[in-house]
């Protein structure tokens, strides 16, 4: 099934049925796909885009790379603020950072966390187009609402009688989950899975964005991952890689920062052996992709001795074959 590029694929584990929403197959520009395509649609379609685009965040951010691609397409400057880089990365950029720099990104590295915070606070006041970290902006609602409407049409067509539908969304700032909750039909419950910070942090971010975007007061549920997968954002751990492998065994290909955490929550809450799934229950997992960062993530796991070279090669081959399959089917 395809909903404007997004594929919805039936899966199962331990006899429990669920659907993978492959939103990474939805692209609005080369290099701007999935979650970022939804969040940045309002910028990609803006009649006028004031230069420069200015944003901030981590040095391997997926939003950073998507914004660099969008800025290159729109022929505007892109300035990105970040905290101090590791020395080795400064001299030998890899992953998303390398790709964004090649697209023309102006990287502004600040010597301290304090200087970074001050620069971010000042950047939003200056001339240009400011995009908050991760694309958390009121304008993101437009693209996310499109996804909600696609899901609604799919449910009406293929599952008109299901009244107990759950959608799990890997969440950083909670932007996608918040705006989905506003626009999905009443029988669908959105669950935001915290992948970047605590439940408290996620709720705080969503309340802030809700206040900035009309104060609807409609929020998703928050579903915590199991304790062994509640780790500092980006920290490599064997349990997260085990969750990634578990998902891969069902042909679901994820990243290690967001997808593996969301999978652990889905697995712990629904997919364990012996779960008595109601006949009218429908489970959906939003797979936003972010696969472009997987090679650098896996290399970090291997450097820390958490995976072997054979496991790294296996993970890369599985992910590449999955992306190629989607690309072939959507041409």
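Among 311, 141, 272, 20, the order by Cβ neighbours within 10 angstrom, fewest to most, reads 272, 311, 20, 141. Sorting the segments 172-179, 86-93 by their mean number of nearby beta carbons within 10 angstrom, highest to lowest, gives 172-179, 86-93. Listed from fewest to most Cβ neighbours within 10 Å, the set 76, 9, 169 follows the order 9, 76, 169.
For region 157-249, what relative contact order do you get, as a whole percent, if you take Cα pairs closer than 8 Å and at least 6 residues apart? For region 157-249, the relative contact order is 28 percent. Within region 1-137, antiparallel bridges make up roughly 50 percent of the DSSP beta bridges whose residues both belong there. Rounded to the nearest 10 degrees, the angle from helix 34-44 to the longest Cα principal axis of the chain is 50 degrees.
Suppose a student asked you for the relative contact order of region 55-187, using Cα pairs under 8 Å spaced at least 6 residues apart; what percent would you report? RCO, region 55-187: 25 percent. Gyration tensor over the Cα atoms of the chain: the corresponding equivalent ellipsoid has semi-axes (square roots of 5 times the eigenvalues, largest first) of 30, 24, 19 Å. By DSSP, the beta bridges lying fully in the chain are antiparallel in about 30 percent of cases.
Counting alpha carbon pairs within less than 8 Å and at least 6 residues apart, what relative contact order, in whole percent, applies to the chain? Relative contact order of the chain: 20 percent.
Highest-first packing order for the peptide set 279-291, 236-248 is 279-291, 236-248, based on the mean count of other beta carbon atoms within 10 Å. A Förster radius of 35 Å, combined with the Cβ-Cβ distance separating residue 85 from residue 189, puts the computed FRET efficiency at roughly 0.30. The long axis of helix 238-248 is offset from the longest Cα principal axis of the chain by roughly 60 degrees. Cα-based values for region 75-141, radius of gyration first and Dmax second, are 13.0, 38 Å. Under the simplified labelling scheme, the residue 303-residue 46 pair shows an inter-label distance of 3.5 nm, with each label point 7 Å from Cα along Cα→Cβ. Return one number: the angle in degrees, 0 to 90 and rounded to the nearest 10, between the long axis of the Cα atoms of helix 294-303 and the longest principal axis of the Cα atoms of the chain. With rounding to tens, the tilt is 90 degrees.
No lab work stands behind these numbers, since they all come straight from the coordinates. Note that the coordinates shown come from a computational prediction; the quantities given were computed from them, not determined experimentally. When we count neighbours, we look across all protein chains shown, and the Cβ atoms used for this are built from the backbone with ideal geometry, even at glycine.
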